[in-house]
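J.: After the structure tokens below, expect a handful of questions from me.
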Amino acid sequence: MVPLPPGGVPRRWQEEAMLAIRAALPRHRSVLVSAATGTGKGTMIAAMVVKAAMSGKRVLFLVHRDELIDDVMARVRQVSRDFSCGKIRGTINETDRQAVFASVQSLHKKRLPTLKHFDFV
């Protein structure tokens, strides 16, 4: 089951992509999904973050733009308002959460070594 906001229905390609990712993870260290703008990647990522966290896993979500952090965090909260997610950006350093959202630029030399284990990046 894909966790989505109430009333949300995953698109066929989103379900297929998530199933393919889950099938590939035991065999491969990393998996890449490429999709065009507006196809629902943010919703799919939010669903996967929630699903991983529901399984007791910790997730580090890295992006290249701060707007993407806020967008995916908002989508995660649509699925679960009580979800434990934090942010690493500027002076914000919420690294003790189930899911942590950060920009690559925020994880500089001094901050990166302070992070605890994540099951998925």
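J.: State the number of residues belonging to segment 30-56 that are hydroxyl-bearing (Ser, Thr, Tyr), over 16 Å from Phe83 (Cβ atoms) and touching a residue at least 24 places away in the same chain (Cβ under 8 Å).
T.: Residues of segment 30-56 hydroxyl-bearing (Ser, Thr, Tyr): 30, 34, 37, 39, 43, 55.
If we keep only those that are over 16 Å from Phe83 (Cβ atoms) too, we end up with 30, 34, 37, 39.
Keeping just the survivors that are touching a residue at least 24 places away in the same chain (Cβ under 8 Å) gives 39.
Going through segment 30-56 one residue at a time, the tally reaches 1.
J.: Looking at segment 14-29, I want the residues that are more than 14 Å from Lys41 (Cα to Cα) and have a partner that is open to solvent by 20 Å² or more (accessible area, probe 1.4 Å) with Cβ atoms under 7 Å, at least 6 apart or on another chain. Which pairs are those?
T.: Listed pairs, sorted by first residue: Ala24/Val31; Leu25/Val31.
J.: Oh, and also: Can you name the strands (runs of 3 or more DSSP E) wholly within segment 12-121 that have at least 1 residues being at pLDDT below 85?
T.: On the way: elements: 59-63, 85-89, 99-103.
Fully inside segment 12-121 and qualifying: nothing.
J.: Taking the conditions exactly as written (β-branched (Val, Ile, Thr) and without any contact (Cβ under 8 Å) to a residue 60 or more places away in the chain), does Val59 satisfy them or not?
T.: Values: β-branched (Val, Ile, Thr): yes; without any contact (Cβ under 8 Å) to a residue 60 or more places away in the chain: no.
No.
J.: I would also like to ask the following. Scan (1) over 13 Å from the mean Cα position of the chain (by Cα); (2) surrounded by 12 or more Cβ atoms within 10 Å (Cβ to Cβ); (3) of a type in the set (S, T, N, Q) for the single condition Ser30 breaks and write down its number.
T.: Of the numbered conditions (1) over 13 Å from the mean Cα position of the chain (by Cα); (2) surrounded by 12 or more Cβ atoms within 10 Å (Cβ to Cβ); (3) of a type in the set (S, T, N, Q), the odd one out for Ser30 is (2).
J.: Enumerate the pairs (first residue in segment 90-107 and free of Cβ contacts under 8 Å to residues at least 12 places away in the same chain; second residue anywhere and outside any strand (DSSP E or B) and crowded, with 18+ Cβ neighbours inside 10 Å) with beta-carbon separation below 9 Å, excluding pairs fewer than 6 apart on the same chain, so at least 6 apart or on different chains.
T.: Listed pairs, sorted by first residue: Ile92/Ser106.
J.: Please pick out the residue among Ile69, Ile45 that is within 10 Å of the chain's Cα centre (by Cα) and open to solvent by 50 Å² or more (accessible area, probe 1.4 Å).
T.: Values: Ile69 fails: open to solvent by 50 Å² or more (accessible area, probe 1.4 Å).
Exactly one of Ile69, Ile45 is within 10 Å of the chain's Cα centre (by Cα) and open to solvent by 50 Å² or more (accessible area, probe 1.4 Å), namely Ile45.
The values are calculated or read from the model by the stated rules, or taken from the named source; none is laboratory data. Just so you know, these numbers come straight off a predicted model, no measurement behind them. All Cβ positions, glycine included, derive from the backbone under ideal geometry; neighbour counts span all protein chains shown. Ligands, DNA and RNA are excluded from the accessible area calculation, which covers all protein heavy atoms including side chains. Shrake-Rupley method; radii C 1.70, N 1.55, O 1.52, S 1.80 Å.
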